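What follows is calculated from the coordinates using simple rules that are stated; it is not laboratory data. Note that the coordinates shown come from a computational prediction; the quantities given were computed from them, not determined experimentally. A quick note on method: Cβ atoms are made from the backbone with ideal geometry, for glycine too, and the neighbour counts reach across all protein chains shown.
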Ligand SMILES: NC(=O)C1=CN([C@@H]2O[C@H](COP(=O)(O)OP(=O)(O)OC[C@H]3O[C@@H](n4cnc5c(N)ncnc54)[C@H](OP(=O)(O)O)[C@@H]3O)[C@@H](O)[C@H]2O)C=CC1
Ligand SMILES: CC[C@](O)(C(C)=O)C(=O)O
Ligand SMILES: [Mg+2]
Ligand SMILES: [Mg+2]
């Protein structure tokens, strides 16, 4: 294997237990990191703006909440888990003035460092611990004694021990139970953006919606189309997750496997692959980052329009009705696990 993978025995939890950690932001990732670090015996404080709607959630969980500036001033390790688009302003206003030699600045995703939106001083460690999964699952896995694999990277090693500290942090959130892979900010940022745009979120959502549209426009019942194009996807992906595409093909019928092999490449054809390469090029050149930052600064008009269109897609109404009848499916997302 060409990558370096680290497990619990490779990481010293004592390193992060000996520091005060400020987790800035208490959303999907923030709540998971903060609660799991606390449960791992780490001294954690939360940084949130005065009017933040996340404040009561963090306080209800027994965490001490300060403003981002106060939390950054107190802490030795500052983990930024605010939205990527908020990080540049947050850093300039609340974090940069409270950095000092010997402190460490941590990220859960490399966007702001990769695209030079944040430029930390040379005398602090800059590292990343990026779980490869949604925050609520990161917390749920930790509570269940398991973990979500993490990417760990060091951009700046002022102390000479930045990687060991990042690995210790990864252990504190359960990441080294599953494996922490050493990477760079550039590799994490570019692959994460590509994965979520082309495959995991963008590609998968468009595939499901389009399949549903083709069936319902041809007159089939929306409920049947929902089961075929969305519900069963999880069951198929679970098989891939457990044993690769080969395990899925072993488990489905020969008829399904022949349809997969003969028709799949017609759906995801060379035009789609070319488009994926174009999307990767936009990520590598910084074009996507510039577009997203400008969209955010303009008040997110396209984001709001596309989000509303997605929520109004007929598959959502059908899914809501069907999931109400499947008590085992609708596991609520909570801020604890
Ligand atoms: N979602 C995920 O699972 C993953 C996210 N990441 C990365 O983790 C980081 C956080 O993302 P995510 O957890 O999705 O974020 P969320 O949108 O879920 O949560 C953001 C949190 O930050 C708070 N916040 C908003 N603005 C500020 C500010 N100016 N100062 C301090 N806090 C602020 C929000 O408070 P309020 O409630 O008031 O809005 C909220 O508590 C990003 O870098 C993201 O790329 C990485 C891997 C997976
Ligand atoms: C797949 C989306 C993700 O990259 C993640 C959960 O890892 C994100 O940015 O939320
Ligand atoms: Mg990701
Ligand atoms: Mg991402």
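With the condition being under 24 Å from residue 147 (Cβ atoms) and away from ligand 1 (no atom under 16 Å from the Cβ), I'd like the helices (runs of 4 or more DSSP H) fully within segment 173-266 carrying at least 2 qualifying residues. Please lay out each step first, then the result.
Numbers: elements: 175-178, 185-194, 202-217, 222-226, 232-251.
Those helices (runs of 4 or more DSSP H) span 175-178, 232-251.
Total residues in segment 52-90 satisfying the condition of being more than 9 Å from ligand 1 (Cβ to nearest atom) and not in a helix (DSSP H, G or I): the figure is 11.
The set of residues in segment 189-222 that are touching a helix residue (DSSP H, G or I) at 6+ places or on another chain (Cβ under 8 Å) and within 12 Å of ligand 4 (Cβ to nearest atom) comprises 189, 190, 193, 194, 196, 197, 202. Taking segment 114-146 as the range and being more than 14 Å from residue 82 (Cα to Cα), part of a helix (DSSP H, G or I) and within 16 Å of ligand 3 (Cβ to nearest atom) as the test, the residues that pass are 114, 136, 137, 138, 139, 141.
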